[in-house]
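Structure first, then comments.
What follows is calculated from the coordinates using simple rules that are stated; it is not laboratory data. On a predicted model such as this, the values are computed, not experimentally measured, just so you know. Cβ coordinates were reconstructed from backbone atoms using ideal geometry, including for glycine residues, and neighbour counts include every protein chain displayed.
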Amino acid sequence: MSSDEKPVAVPRSLAEDLRARDDASLTALLRSRPDLITPVPADLTQLATRAGTRASVVRALERLDRFALQTAEALAVAADPAAYGELLGLMAGDEGDGAVAAALPRALATLREQALVWGDDDRLRLVRTARELLAPSAQHPSPTGLGPTVQEATAGMSPGRIQEIVAAAGLPSTHDSVSAAAALTALFADRKRMAALLADLPEDSLEVLDRLVWGPPYGQVTADPAPRLRRLLDRGLLLPTAPGTVVLPREVALHLRAGRAHRAPEPLPPAVEAAAAHSAQVVDATAAGQAYTALATVEELLKDWDEGGPNVLRAGGLSVRDLKRAAVALDVAEPVAAFWIELAYAAGLLASDGDVDERYAATPAYDEWRERPAAERWALLAQAWLAATRTPGVAGGRDAKDRVLSALGPGLDRSAAPEVRHRVLALLAGLPQGTAPVAESVLARLRWERPLRGAQRDHEHDLRERLARWTLSEAELLGVTGRGALSAHGRALLGAPPAPEAVPAPEPTGPGDKLPVHHHRGTGVPQAQQSAQAVPTTQAARAAAAEAAARLLAPLLPEPLDHVLLQADLTAVAPGPLRRPLADTLGVLADVESKGGATVYRFTPASVRRALDAGRTAADLHAFLGQHSRTPVPQPLAYLIDDVARRHGHLRVGAASAYVRCDDDALLNEILADKRSAGLRLRRLAPTVLATPADPAALLEGLRAMGYAPAAESAEGDVLIARADSHRTPPRTAPEPVPDGPPLPDATLLSAAVRAIRAGDLASTAPRKPSATATADGGLPRTTAAETLATVQAAVLTGEALWIGYVNAEGTAGQHVIAPIRVEGGFVTAYDHTADEVRTYPLHRITGVAELEADTG
């Protein structure tokens with residue numbers, strides 16, 4: 001090595017390790033652990049301290065894949081520091097494992113990137129907090145199933161007992177307990193001597209070791225152990241840890257495991273298996289049909305609540321009875337109805353009106369949504385579903401306080417939902433186009449990618465698996481997938497690349513057979529391991545993805561029709577979706593009798609009267625039907641319209657509380673004589689007027705039930721047109737998703753954070769020239785205005801960097817590292833290393849200044 005070269009310094013702490021990293025590495029760390037920049041650390045020492053806190057380390061460990069977590073667990077039971085060879089031995093075992101050896105550098109790189117491991121390959125160190133969380137103890141056994149070392153297990157043992165164990169193991173006695181424990185450790189770590197020691201044991205003693213070898217390593221013994229246990233205790237193969245409790249030392253377990261820390265290392269993620277393959281055209285057409293059904297279902301739901309939906313429960317949400325009514329109206333199961341209701345709410349189309357008698361109703365955004373093209377309306381719903389944290393699948397369950405969770409109520413947010421949805425769809429996007437996955441293989445992949453740890457494992461795994469299953473079913477309902485495979489417009493919505501080309505595979509021979517895992521043509525890499533992970537993160541990216549999805553979906557949706565087919569049985573058949581004005585008018589004039597590929601409408605006296613109440617005349621209805629029917633208007637339908645119109649409005653109802661007036665007093669006599677009118681308590685005020693204490697709405701309903709066709713009138717005597725006025729909430733915004741931890745920082749924030757940390761670290765670590773005004777603790781000195789000006793002017797001439805204290809216009813004090821360029825007019829213009837830009841500072845706001853020595857290296 002030449003005299004100009006310096007040996008690479010071995011980092012002595014995580015802070016020094018971070019200091020040696022480049023900006024790209026620090027950016028990757030902050031991106032993977034966004035909690036570290038909330039707020040931005042002052043320097044790298046503070047960053048390292050924050051990265052070692054328990055909460056941050058737990059969060060980082062929870063986001064490791066299975067093999068990276070297994071690697072961290074192995075480091076937790078290895079020496080501190082550990083060499084790469086020792087780690088490889090713990091992961092691959094004495095026999096070696098090629099897949100483990102190939103995957104270990106990736107896992108180690110992940111741990112280093114997230115600052116969970118630091119140091120070079122000769123001195124790998126797991127951060128102390130992670131070691132405490134993963135290392136075995138009496139209270140928290142290691143995830144590897146390994147127990148404490150011999151040194152740890154014998155720490156409280158009497159010296160005499162340790163010497164007895166050493167002698168029984170065939171070792172010479174020692175002078176102290178520490179050396180005795182070291183001798184036992186060396187024996188148990190020596191493969192040949194350990195094999196000889198075990199060879200002398202009978203089969204029943206070896207069976208005891210086999211039961212403890214993969215954990216848990218603790219067992220119970222009596223005060224007088226059986227001979228098979230006594231042999232193990234005498235040789236130190238089992239060590240007492242508490243009265244009646246023994247443990248298998250870590251070194252013994254590793255020998256029995258052939259050096260492996262884990263029973264089954266999982267270096268590779270499980271492949272997503274293909275259940276069936278369909279043509280891309282079939283998948284896209286099926287998904288488009290579902291997308292159209294989704295739009296029709298949401299419209300039908302909100303149309304049913306158009307004049308005001310069900311009441312809001314006092315605790316919030318929809319009652320069980322109202323959910324059942326919605327399910328019956330939509331002709332779906334209650335969980336599916338909850339999904340559509342929550343989807344409309346997540347898209348901002350549905351909300352509570354905020355009145356005293358609070359009800360659910362459509363929002364003004366719903367009217368705007370209805371006017372957009374169908375493909376755009378679907379893209380808005382699908383995007384809302386992707387980002388929503390509200391999870392309708394948990395509706396009907398119970399919360400931690402044993403309260404029922406209701407649709408639209410509180411407690412339905414699950415912050416993991418968006419991540420799981422994106423990941424499931426990304427796995428589907430990684431399969432060849434038209435390929436549907438085996439659901440269980442998707443769940444196995446998710447378990448590998450997020451294995452979790454500790455007591456929350458079962459609960460979180462159960463939740464994530466349920467979220468994944470709900471994602472697969474909801475994506476099919478919404479039309480993101482078709483026949484289980486991701487559609488082209490679903491792929492575009494996700495922002496995924498085009499589907500890979502699949503190697504032709506044989507068709508399955510039976511309904512239960514699974515197709516082989518598809519491979520990229522020419523690569524030989526399982527496609528399930530190359531799943532797309534591109535997720536639109538910015539508003540512009542999401543808008544572009546929605547536009548692309550709508551563009552692909554639009555040609556697949558049926559064109560709205562401007563005609564129906566009238567039939568002699570007082571029905572009309574719509575052979576497809578109708579244009580909105582036609583559908584709205586026909587929805588008032590007739591009742592929907594059945595749905596499907598074609599919608600059947602039925603005309604009844606009540607439906608015709610409803611159209612007349614809305615201000616239509618008989619002539620209007622005849623003209624409307626003649627214009628929009630491809631078949632002649634049947635005579636029975638024409639007679640029905642004329643008959644209802646002839647009787648419509650012959651009676652007039654107003655407020656008295658209510659009254660009935662009619663020019664035909666014989667008709668009023670007929671009403672009074674009818675026994676069915678007794679409940680209305682009518683009485684004659686004049687030959688042509690009847691009055692009642694009932695309100696006008698009840699009077700109208702009662703007379704209609706008796707077979708009459710009354711019309712309501714205003715105080716001025718004019719007929720009131722009963723239009724289907726829509727009840728709308730005040731403007732409402734869609735509910736914000738509940739974030740899962742701190743938000744992901746964008747590139748601009750990351751770049752600024754790295755610059756600020758670098759500058760703060762430079763200020764705190766760079767050697768400073770001796771100063772007579774320096775504080776005793778080495779902090780930033782306080783300088784007079786004259787000293788500040790002189791130091792800054794000198795730095796302009798010499799080009800040296802300065803460390804300054806500065807109070808901004810808001811009175812906030814801070815520190816900066818600057819390189820002064822010029823001083824004039826009471827201001828210093830300098831390059832600010834903290835902001836990575838040229839700034840101007842008023843001299844009177846600089847509280848102190850110190851020179852930084854130039855880097856001589």
Using 0.36 nm per residue, how much length does the chain from LEU313 to LEU749 gain when fully extended, once their Cα-Cα distance is taken away? 152.7 nm
State, to one decimal in nm, how far the label point of ALA264 lies from the label point of ALA541, with both points 7 Å from Cα in the Cβ direction. 3.5 nm
Cβ-derived FRET efficiency at R0 41 Å, ASP399 paired with ASP97, nearest 0.05: 0.35
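Counting other C-beta atoms within 10 Å, and keeping those with at most 14, which DSSP coil trypsin sites (Lys or Arg not before Pro) do you find in the stretch 335-403?
LYS401, ARG403
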Run the reach check for LYS595 against aspartates and glutamates, Cα to Cα strictly under 13 Å, same-chain hits fewer than 8 apart removed. What comes back? GLU300, ASP331
Under a Cβ-only charge scheme (Lys and Arg +1, Asp and Glu -1), can you give me the dipole magnitude of the stretch 652-712 about the Cα centre, in debye to the nearest 20? 180 debye
Mind giving me the nanometre distance, one decimal, between the label points for ALA329 and ASP234, set 7 Å out from Cα along Cα→Cβ? 8.3 nm
Per-residue ³J(HN,Hα) for the stretch 273-281, Karplus 6.51 cos²θ - 1.76 cosθ + 1.60, θ = phi - 60°, Hz, x for Gly and Pro: 7, 8, 8, 7, 10, 10, 5, 4, 5
Can you tell me what the convex hull of the Cα atoms of the stretch 565-647 projects to on average, as an area in nm²? 4.8 nm²
Order of GLU73, GLU86 from fewest to most other C-beta atoms within 10 Å? GLU86, GLU73
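Before anything else, pin down the relative contact order of the stretch 652-712: Cα pairs under 8 Å, at least 6 apart, normalised by residue count, whole percent.
Contact order relative to length: 41 percent.
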Provide the net charge surrounding LEU682, with neighbours chosen by a C-beta distance below 13 Å and charges set as Lys +1, Arg +1, Asp -1, Glu -1. +4
Yeah, the chain with a ≥ b ≥ c from its alpha-carbon gyration tensor (a/c under 1.5 is rounded, else prolate when a/b outruns b/c, oblate otherwise) is prolate
Please work out the FRET efficiency for the pair ALA167 and ASP224, using the Cβ-Cβ distance as r and a Förster radius of 22 Å; give the result to the nearest 0.05. 0.55
Plugging the Cβ-Cβ distance of ALA809 and ALA296 into 1/(1 + (r/R0)^6) at R0 = 56 Å yields, to the nearest 0.05, a FRET efficiency of 0.45
Alpha carbon centre of the stretch 255-307 versus the stretch 416-454: separation in Å? 7 Å
Given axes a ≥ b ≥ c from the Cα gyration tensor, I'd like to know whether the stretch 652-712 is rounded (a/c under 1.5), prolate (a/b larger than b/c) or oblate. rounded
Test of understanding: what is the full-extension gain from ALA614 to LEU843, defined as 0.36 nm times their sequence separation minus their Cα-Cα distance? 74.8 nm
How many nm separate the modelled label positions at TYR84 and HIS175, each set 7 Å beyond the Cα in the direction of the Cβ? 4.1 nm
Exposure proxy ranking, count of Cβ atoms within 10 Å, fewest first, for TYR841, TYR639: TYR639, TYR841
With 0.36 nm assigned to each residue of separation and the Cα-Cα distance removed, GLU368 to ALA790 gains 145.3 nm
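Could you list MET157, MET91, MET706 so that the one with the fewest beta carbons within 10 Å of its beta carbon is first and the one with the most is last?
Working: MET157 17, MET91 27, MET706 14.
Starting with the residue having the fewest Cβ neighbours, the order is MET706, MET157, MET91.
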